[in-house]
Amino acid sequence: MLVDSPPEQRAETAPAPPTRRAARALGLLLSVLLLVFVALASIAIGAKALSPDQVWHGLFHDTGTYGDVVVDERLSRTVLGLLVGAALGLSGAVLQALTRNPLADPGLLGINAGASAAVVTAITYAGVTSLTGYVWFAFLGASAVGALVWFLGGSRGATPVRLALAGTAISAALYGYLQAVMIMDGAALAKMRFWTVGSLASAGSSTITQVLPFLAVGTVLALALARPLNAVEMGDDTARALGADLNRTRALAMLAAVLLCGAATAACGPIVFVGLMVPHVVRSFTGPDLRWILPYATVLAPVLLLGADVLGRVVARPAELQVGIVTAVIGGPVFIFLVRRRRTAQL
Amino acid sequence: MTATTAGATNNPRSTVNRLSAENVTLAYDQRVIAEQLSVEIPDNSFTVIVGPNACGKSTLLRALSRMLKPSQGRVLLDGQAIQSMPAKKVARTLGLLPQSSVAPDGITVADLVGRGRYPHQGLLRQWSAQDERVVRESMRQTGVAELAERYVDELSGGQRQRVWIAMALAQQTPLLLLDEPTTYLDIQHQIDVLDLCAELHEEQGRTLVAVLHDLNHAARYATHLIALRGGTVIAEGAPNDIVTAELVEEVFGLRCQVIEDPETGTPLVVPAARRTRAERVTAAS
Amino acid sequence: MKTHPRSRAVRTPGGLSLRLEPRALIVVVLLLAAACAAGVALIGTGDAKIPAADVLRTLAGNGTAYQDFIVNELRLPRVLVGLLVGASLGLGGALFQSVSRNPLGSPDLLGLSQASTAGALVVIVLLSGSAAQVTLGALAGGLVTGFALYALAWKQGVHGYRLVLVGIGVNAVMTAVNGYLLTKADLVDATRAVVWMTGSLSGRDWEQVRPLLGLCAVLFPLVLANARGLRMMEMGDDISHALGVRVQRVRLLLMASAVLLTAAATAAAGPVSFVALTAPQLARRLTRSPGPNLVPSLCMGAALLVAADWASQRAFGADQLPVGVVTGVLGGAYLLWLLVTERRAGRI
């Protein structure tokens, strides 16, 4: 309740919060700087290492040298990473607030798998080849699975275990379907085994322009929902007592999550755990106020994603490890740690 | 006033009573709940453990029923350390009704009560005529015989609690431990359950140990009362002997009057009015 | 009859008594008959069709040399592997679901199947190993992960919810590892890997039957002897403890058995999806009996897998589509059904 009181009022009643607010703002600024740093690293580091000079040259005085071409390629990959990372972090934070469930994550809830299955269907059976074509299928798959998990998980009586299990079960079913498609269609296998692990490698500037509108709408929507979601987090009855329009908030939040997650998956395949980890880490130092969590998640999730991408490029040089694999291998242990730390009563 | 204090019962060994805790230290993880706690459960008593929230009363019950292993000291059952006894042997002597239990989906009342016979069964002795008889008898005593074929999920809270008690009865143990058996029940069902407990104690001579929240219920039904606070026994003895305004204030931090229960003559705790309490606080300071 | 219409007791004068549930008994008999019938039908199906009567005659040792070769050398091992794998998965699934107290808590969702797959893929992709080595790799992957799962979920005893959530984490990591291994493979290995990953019974011979049969012969009785303790544990640890069940010991024993059964089954036939998830639930609905329903689940698993293999052979032609695809479709249908019924009943 204190969280919802306007900042001015709080400043009058208690002296501590303004400093805390300043600290949060400063933290956000530092996070942005960190993001810039990781983004530059993502441009500089790779199979061919570039010096800062070369990066600068490629970014601002493009004359078509070999270094400039590399920078160009890595730039679009980095921008895609920024967008997708932000989308995943934000959708994770929104889903966690919406389901009142600290373990909600678009990957864990099967939404990524839904988008994947729909995209693969589109590629194999509907002959859709362009991203603009299959981004719609991604949305369709994501929203269908989102709704299904919500109902299977017991809708309003949903517990973390139920939701996670329902999501995993649906993911398992969909991956089974993907395998069947791959077995029966060798050409599809050749293409899709790379897509289904989640990678930024296929990025092009056209990919970015195609998913950008969806991500922009989703981001604005999600950020605008911070205040009503704060109310939803306090439980249905309390939220209603506080005057929040529950159904509208829920529907809009789900729409935002599906837009963000569907577009991200369409652009670079299913990537799990980014949406789970980042809001968790953020929450540990911002507290439960979504008006801070959401911007922080938007900035820090791409730090993680780009960081994982760079790591994937470094550890397996000259080949590379797909970013989806790196995030899962880092994220799995973090998830297990979170589960072990929680006490029974809190679940 | 023959109130026994904690110090007086700290004598090292009792050969008289079947169940006792001897200098036990109880802890979850690193969090210590009680240290050097000694408790005797008098045979053939209806012992009730009372105390404020988080005073360690449920923890003590868990230790007495070997759910929780003391980090120091030991719990003795018939003179033997309870942890070292065979699980089924303990289960034939001492029963426990925990605070929360899950009835498996789609189980009937008779089936659930029947599961209380587990410690008396074996691979080749799965359902004897005696099992059958005891189950029927347990259901009759708790008044759930006519519900035998109903599903446990369909029952009301009060009925369900009776079924669980019937299950514990079917275990046929001379000692029965109950952790807050009246929680979530309305007043009529609370009294129902407590009457049932008193009946089991008086008519069948079982030793009962219960954790109760309501001090007045405790004072009315218990033959032996143990008042805990912060993991130590503040007082124990018959309710008529130990329940005083001073004790209630010491244990619960509540000012009150203790009057005689017009129905039973047992002590009845009446909290002081809000104003009186506020005045006394200002007077004191 | 008044108190226990569901179960009957058989008593001997010597004081022995056995508890039998007539309905469960009938279900078990029918399922066994169905499994055998599906097995006979499966032996008869393929490029060389053999009528059921001839199959039976050949199995009894009275067939022609040609029939004897096809039936006893080629197809019987496949059916036996199918029966044993299905039974192991059904039993393993029932154990996991009972321990986690959750109808969705089956080994294929808790990372065990994915872990076996990872073991197998390492052998296929990185070592280009033989079929026998793939089996060993899968077995090792499943066992190591199974025990890691137990260790990670351990914290003053294993709790159902923690087991499930840790399992889901393990599953996600293993899925990613498998995805990675698949991208490392050349297309030939990748195809072989994907077929393995779907779960298939084709080309199984006596080499696979014997170790699996041995394992089942040891583990099935062991598990069933502890079934009564497991029944008690469904009421919660405290109650079962109070009733004299050594909860942690029984649970460790049963979990270890379930991990072994699942790993062995996966090693023999690949991670056939959803049998472990659906068999216990279907069995339970047929017997209408509370409790883990171990024997009915076991029979249901066997019948389900062999029937699915037969259906896949009939519908798509010999060895066109691995059995895992059929069970996957069945699993999807089951999930939808669960969605409708369980939600209406207000429980999952």
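Between B:T232 and C:V144, the FRET efficiency from the beta-carbon distance, with R0 = 41 Å, is close to 0.25.
Over the range B:30-156, what is the relative contact order in whole percent, taking alpha-carbon pairs under 8 Å and six or more residues apart? Show your work: numbers first, answer last.
Details: 72 pairs, mean separation 24.8, N = 127.
Taking the mean separation of contacting Cα pairs over the length of the range B:30-156, I get 20 percent.
Answer rounded, prolate or oblate for the range C:90-234, using the Cα gyration tensor with square roots of eigenvalues a ≥ b ≥ c: rounded when a/c is under 1.5, else prolate when a/b is larger than b/c, else oblate. Oblate is the answer for the range C:90-234, as a/c is 1.5 or above yet b/c matches or exceeds a/b.
With r as the distance between the Cβ atoms of B:T276 and B:I191 and R0 = 25 Å, compute the FRET efficiency 1/(1 + (r/R0)^6) and round to 0.05. Please report the intermediate quantities before stating the final value.
Values: r = 29 Å, r/R0 = 1.17.
Step by step, r from the Cβ atoms, then E = 0.30.
Compute the Cα gyration tensor for the protein assembly as shown, then decide on rounded, prolate or oblate, letting a ≥ b ≥ c be the square roots of its eigenvalues: rounded whenever a/c is under 1.5, prolate when a/b is larger than b/c in the other cases, and oblate in all that remain. Oblate.
Measuring between their Cα centroids, the range B:243-260 and the range A:204-235 lie 59 Å from each other.
A cut-off of 5 Å between modelled amide H atoms, ignoring neighbours fewer than 5 places along the same chain, links B:A210 with B:T47, B:V48, B:I49, B:L178. Where both bridge residues fall in chain B, DSSP classifies roughly 60% of the beta bridges as antiparallel.
Can you give the relative contact order of the range B:6-242 as a percent, counting alpha carbon pairs under 8 Å and 6+ residues apart?
On the way: 440 pairs, mean separation 66.6, N = 237.
That works out to 28 percent.
The value for chain C of Rg(Cα) / (2.2 N^0.38 Å) is 1.01. Taking a sphere under 15 Å around the Cβ of A:Q54 and counting the other residues whose Cβ falls inside, with K and R at +1 and D and E at -1, yields a net charge of -3.
Placing a label point 7 Å from the Cα of A:V69 along the Cα-to-Cβ line, the residues of the range A:20-49 whose backbone N sits under 20 Å from it are A:43-49.
Each label was represented as a point 7 Å from its Cα along the Cα-to-Cβ direction; for C:A315 and A:A316 these points are 3.5 nm apart. Note on the protein assembly as shown: lysine pairs with Cα distance below 29 Å, sequence gap of 8 or more or different chains, count 13.
Only counting other Cβ atoms within 10 Å, I'd like B:I191, A:I123 sorted with the fewest neighbours first. Kindly include the intermediate steps, with their values, before the conclusion.
On the way: B:I191 15, A:I123 21.
Ranking B:I191, A:I123 by Cβ neighbours within 10 Å, fewest first, gives B:I191, A:I123.
The stretch between C:R8 and C:A217 holds 72.5 nm of extra length on full extension. This uses 0.36 nm per residue minus the Cα-Cα distance. The H on the amide N of C:R8, modeled in the peptide plane, is under 5 Å from the matching H of C:L20, C:E21, each at least 5 residues off or on a different chain.
Less than 5 angstrom separates the built amide H of B:A27 from those of B:I33, B:S71, all sequence-distant by 5 or more or on a different chain.
So what's the net charge close to B:F46: Lys and Arg +1, Asp and Glu -1, counting the other residues with Cβ under 10 Å from its Cβ? Write down the numbers at each step before the final one.
On the way: positive: B:R206; negative: B:E202.
Around B:F46, the charge tally is 0.
Distance between the C-alpha centres of the range C:207-281 and the range A:19-76: 54 Å, rounded to the whole angstrom.
Using the count of nearby Cβ atoms within 10 Å as a rough guide to exposure, how do A:C261, A:C268 rank from fewest to most? Display every interim value, and only then the final one.
Numbers: A:C261 36, A:C268 27.
Listing A:C261, A:C268 from fewest to most nearby Cβ atoms yields A:C268, A:C261.
Of the beta bridges in the protein assembly as shown, as assigned by DSSP with both residues counted there, near 65 percent are antiparallel.
Evaluating 6.51 cos²θ - 1.76 cosθ + 1.60 at θ = phi - 60° for every residue in the range A:53-68, the Karplus couplings come out as 4, 5, 4, 4, 4, x, 6, 10, 10, 4, 10, x, 5, 4, x, 5 Hz, glycine and proline recorded as x. Evaluating 6.51 cos²θ - 1.76 cosθ + 1.60 at θ = phi - 60° for every residue in the range B:254-269, the Karplus couplings come out as 10, 7, 7, 10, 10, 10, 8, 5, x, 7, 10, x, 7, x, 10, 8 Hz, glycine and proline recorded as x.
Taking a sphere under 13 Å around the Cβ of C:E207 and counting the other residues whose Cβ falls inside, with K and R at +1 and D and E at -1, yields a net charge of +1.
Rule-based calculations on the coordinates, nothing more; no lab input. Predicted, not measured: the structure shown is a model, and the values here were computed from it. Glycine gets a Cβ as well: all are built from the backbone with ideal geometry, and neighbour counts include every protein chain shown.
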